[in-house]
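Worksheet: the structure to be examined is printed underneath.
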Amino acid sequence: MLLNVQKFIILLIAVLLSILYIVFMYYHLQQQDSKARVILKDLSNNLSETSYTLSKVITSKKNIIVARAILDRVVSNNDFIQSALIIDDAEVLLYTDPHYDKHVEKSLFNQESENFYAMLMDSPAIEGEIRFYEGGELNVLRLLFVLNHDEILNYFSEDRNTFLLYFGLYPILLLLIVLVVIRKYLSAPLEKLRQFAYYQNEVPRPFKLQELEAIRYSMVQTFQRLENEKKELYAMARTDSLSGLANRNSLNEYLERLIADSKRENKEFALLFLDLDHFKTVNDSLGHNIGDELLKNIALMIDEVIRSSDFVARIGGDEFVVVLHKYSSLLELTNIIERIQQQLSKELIIQTNPVHISSSIGIAFFPKDGDNIVSLMQHADIAMYEAKQKGRARYHFFTEELNKRVQETILLDKSMREALVNNEYQLFYQPKIDIKSGDIIGAEALIRWIDPKQGIIAPDLFIPLAEDNGFIIELGEWVVNEAVHQYSLWKMAGLKNFSVAINISTKQLLNIDFAHDFIAILEQNDLSSSDIDIEITEYMFLEQNQNNADILKVLHDNGVKISLDDFGTGYSSLSYLKKFPIDYLKIDKSFMDDYATQEGAIFIETIVKMGQTLNMKVIAEGVETHEQLQYLDSVGCDYYQGYYFSKPLSVEAFEKEFIRGLVNAV
């Protein structure tokens, strides 16, 4: 059947259109599957890296909260991840999206497909494992990245629209021109355009026809522009172009998430507004190029000092914002701030120019100083200017009351550490008396800080701070060594049937080497384990894990007697009295003050009977009157200590009043 020219051209156009669109669709599908593969590979790499990081960070299921900042950062840095979850079997332990705070079925995350695009679109999530050891036991948790299909669909929709625009409209226009010029000026150029659209590896040479050349040039520019814009938009959206830090937009996004999380969990965080002192002078005297280089160095220095869980952004000029939300105390917070300022105060060499710079920092707390981004930024800015007005190169809290309290704490911390170096600590000893015989059966070593200017500083002023900042471990080591050495001197002087009790903090006791080191100190001073007792508090039993029990068991098996101090005021439980090796129960002074009331007497008598039942000796603290002593004798209490017999005494006073008499009695 013969065709006329019109039908032939129509048929030819139809055939060409069909071929062209098939090629374009094939290319589109290939590109789609290729991009899906890249996305899946990136997500898998991100999952593997995050799993590895969390395996190093997580030490137990109970401290799983340390992974929140890592998960938040992963989710915020990847638009294709809607939420990250850590799951133990089917139970969600940690999540970044409250939608997934319930139990999650395993079957939800096991879908598979034959191609990458289908796998990406059909899979709700990708899954990895977090492996860590807890007490020698391997624990395996599931790490899930829940995919944001809305974002993925939007990503591919934009790509599809681009194809529809450039490979739909323009080819139709070109094929209309084919009706007029079908050979030399159209066939070859169209084939080249098709190949360029398909492969994008060789840019066609300029065409003779202006329209085709415009299309060729437009396609080349469009593909290049789309690729460049993709990279630039990603960087501009989250990164400051000069410093490489997060920018204001990224800071706002981060603060919005952090404020929402903090409100939900009723937690605080600190926002630091940092401004460089006299930065304008650097710009004016050395030039803006030196100033820009200085800002780059400052950004690197801040980023090196802060922790991985912290956030830093440059919001303009010489102004930086640091967000701290994981700190156990104000002292830890100020230590971080001081490290930043110390780092920035170092001399820098910028293009052979020595530059000295300092910083002023204002601190505002959420929610106390502001419950939204604007108020927090304003108040931190106000505090920063207050720091500048007071001389620069310092930091200031938004509230003067808090600022004063923090400064006092910092001064106490510094003085407390210097006191150890300057030998300002002394041990005082308070006798323990047998109620029946009236004999001294031991003494409790009590630390006292004797400041040259202020005199004796009460332990309840500095011991809580030492517990809080970790100095209690170093201070506790001094107490142990001092008490053991003093007892060895007494023993050489002939004292027998007498023991010294040392208060051991929970942090000190739970040190992995404490039991070994303690026994070694006794052996070095030629003392037996029965010469020195240790006193612990009920805070030791907040977490009744096997490690705690093992430490006490090692000490007890080596003959060390263990007293439970302040019994009844904390987390009293029969379960830990049964589980842990306790030799003495100490009745707190607060109960003795209330002994004359029915309720107070019930508590005291219950503790005494409990000790008798469990074969433990009972020691009453804070005995100040003869009536209290008579009462204790009547209920069967074994020992007591308190001002009725003696207050805590210095070594010299203790020896003068008691040791000589005991030695003579022997």
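Note the angle between two axes, namely the Cα long axis of helix 373-389 and the longest principal axis of the Cα atoms of the chain, as a number of degrees from 0 to 90, rounded to the nearest 10.
60
With θ set to phi - 60° and the Karplus curve 6.51 cos²θ - 1.76 cosθ + 1.60, what are the ³J(HN,Hα) couplings of the range 115-121 in order, to the nearest whole Hz, using x for Gly and Pro?
Once θ is set to phi - 60°, the couplings for the range 115-121 become 10, 5, 5, 5, 5, 5, 6 Hz.
With r as the distance between the Cβ atoms of Ser157 and Gln221 and R0 = 22 Å, compute the FRET efficiency 1/(1 + (r/R0)^6) and round to 0.05. If you can, show how the numbers build up before the last one.
Values: r = 23 Å, r/R0 = 1.02.
About 0.45, to the nearest 0.05.
To the nearest 0.05, how large is the calculated FRET efficiency for Leu510 and Gln351 if R₀ is 51 Å and r is the Cβ-Cβ distance?
The value I calculate is 0.45.
To the nearest 20 debye, what charge dipole does the chain have about its Cα centre, counting +1 at the Cβ of each Lys and Arg and -1 at the Cβ of each Asp and Glu?
Charge dipole of the chain: 3040 debye, to the nearest 20.
Placing +1 at every Lys and Arg Cβ and -1 at every Asp and Glu Cβ, with all other atoms neutral, what dipole size does the range 248-398 have around its Cα centre, in debye to the nearest 20?
220
Arrange the following residues from fewest to most other Cβ atoms within 10 Å of their Cβ: Thr537, Thr597. Please report the intermediate quantities before stating the final value.
Numbers: Thr537 19, Thr597 10.
Placing the least packed residue first, the sequence is Thr597, Thr537.
Multiply the residue separation of Asp557 and Asn77 by 0.36 nm, subtract the distance between their alpha-carbon atoms, and state the gained length in nm to one decimal.
So the extension gain works out to 167.4 nm.
Which aspartates and glutamates does Lys553 reach when only Cα atoms under 18 Å apart count, and residues fewer than 8 places away in its own chain are ignored?
Within the straight-line limit of under 18 Å, Lys553 reaches these aspartates and glutamates: Asp513, Asp517, Asp531, Asp533, Glu535, Glu538, Glu543, Asp565, Asp583.
Mind checking the full-extension length gain between His99 and Lys414? Use 0.36 nm per residue of separation minus the Cα-Cα distance, one decimal, nm.
Values: separation 315, 0.36 × 315 = 113.40 nm, distance 4.65 nm.
Taking His99 through Lys414 to full extension adds about 108.7 nm, to one decimal.
Could you let me know the centre-to-centre spacing of the range 249-298 and the range 480-529, using Cα atoms, in angstrom?
Distance between centres, Cα-based: 51 Å.
On a C-alpha basis, how far is the centre of the range 12-45 from the centre of the range 571-622 in Å? Whole number, if you could?
So the two Cα centres are separated by 79 Å.
For the chain, build the charge dipole from Cβ charges (+1 Lys, Arg; -1 Asp, Glu) around the Cα centre, then report which of Gln524, Phe654, Ser157 sits farthest towards its positive end.
Value computed over the given set: Ser157.
What is the order of Val479, Val635, Val623, fewest Cβ neighbours within 10 Å to most? Walk me through the intermediate numbers first.
Working: Val479 20, Val635 16, Val623 26.
So the residues, fewest neighbours to most, are Val635, Val479, Val623.
Evaluate the distance, in nm, between pseudo-label points positioned 7 Å from the Cα of Asn266 and of Leu11 along their respective Cα→Cβ axes.
About 8.2 nm, to one decimal.
Among the listed pairs Lys192/Lys230; Lys326/Lys390; Lys35/Lys230; Lys35/Lys231, which have their C-alpha atoms separated by more than 19 angstrom in this model?
Cα-Cα > 19 Å for Lys192/Lys230; Lys326/Lys390; rest within.
May I ask which residue of His485, Ala383, Ile619 lies farthest towards the positive end of the charge dipole of the chain, with charges of +1 (Lys, Arg) and -1 (Asp, Glu) on Cβ and the Cα centre as origin?
Toward the positive end, the furthest listed residue is Ala383.
Counting only Cα, what are the radius of gyration and maximum Cα-Cα distance Dmax of the range 312-423, in Å?
15.8, 50
Rounded, prolate or oblate, given the Cα gyration tensor of the range 197-328, with a/c below 1.5 counting as rounded?
Judged from the Cα gyration tensor, the range 197-328 comes out oblate (a/c at least 1.5, b/c at or above a/b).
For the range 427-661, what does the alpha-carbon gyration tensor say about shape, rounded, prolate or oblate, given a ≥ b ≥ c as the root eigenvalues, a/c under 1.5 as rounded, and a/b over b/c as prolate?
Numbers: a/c = 1.35, a/b = 1.11, b/c = 1.22.
Since a/c stays below 1.5, the shape of the range 427-661 is classed as rounded.
When all C-alpha to C-alpha distances in the chain are sorted into bins of 10 Å, what percent of pairs does each bin hold, rounded to whole numbers?
Final binned percentages: 2, 11, 15, 16, 16, 14, 10, 6, 4, 3, 2, 1, 0, 0.
List the pair-distance distribution P(r) of the range 237-278, using every Cα-Cα distance, as the percent of pairs falling in each 10 Å bin from 0 up to the bin containing the longest distance, rounded to whole percents.
Result returned by the calculation: 25, 41, 27, 7, 0.
Rank the residues Asp633, Asp413 as a footprinting-exposure proxy: fewest other Cβ atoms within 10 Å of their Cβ go first.
Asp633, Asp413
Could you tell me whether the range 355-419 comes out rounded, prolate or oblate from its Cα gyration tensor? Rule is a ≥ b ≥ c as square roots of the eigenvalues, rounded for a/c under 1.5, then prolate if a/b exceeds b/c, otherwise oblate.
Since a/c reaches 1.5 but b/c is at least a/b, the shape of the range 355-419 is classed as oblate.
Give me, ordered by chain and number, the residues 5 or more places off Phe311 or on other chains with an amide H under 5 Å from its own placed amide H.
Excluding prolines and chain starts, which carry no amide H, the hits are Val323.
So how much slack lies between Gln598 and Ile22, counting 0.36 nm per residue of separation and subtracting their Cα-Cα distance, in nm?
Separation in residues times 0.36 nm, less the Cα-Cα distance, equals 197.9 nm.
If the limit is 31 Å between Cα atoms, which of Lys267/Lys414; Lys414/Lys578; Lys61/Lys586 go over it?
Check vs 31 Å cut-off fails for Lys414/Lys578; Lys61/Lys586.
Which residue, Ile473, Asn63, Phe603, has the largest displacement toward the positive end of the dipole of the chain when charges sit on each Cβ (Lys, Arg +1; Asp, Glu -1)?
Towards the positive end, the residue furthest out is Asn63.
Relative to the first principal axis of the alpha-carbon coordinates of the chain, what is the inclination of helix 68-77, with its axis defined by its Cα atoms, in degrees from 0 to 90 and to the nearest 10?
10
To the nearest 10 degrees, how steep is helix 248-265 against the longest Cα principal axis of the chain, on a 0 to 90 scale?
Approximately 50 degrees, to the nearest ten.
Rounded to the nearest 20 Debye, what is the dipole magnitude of the range 27-153 about its Cα centre when Lys and Arg each give +1 and Asp and Glu each give -1 at the C-beta?
Approximately 400 debye in magnitude.
Bear in mind that the values in this text are calculations on the coordinates, not laboratory data. Since we're looking at a predicted model, the values are computed, not measured. Because the Cβ atoms are built from the backbone with ideal geometry, glycine has one as well, and the counts that use them run over all protein chains shown.
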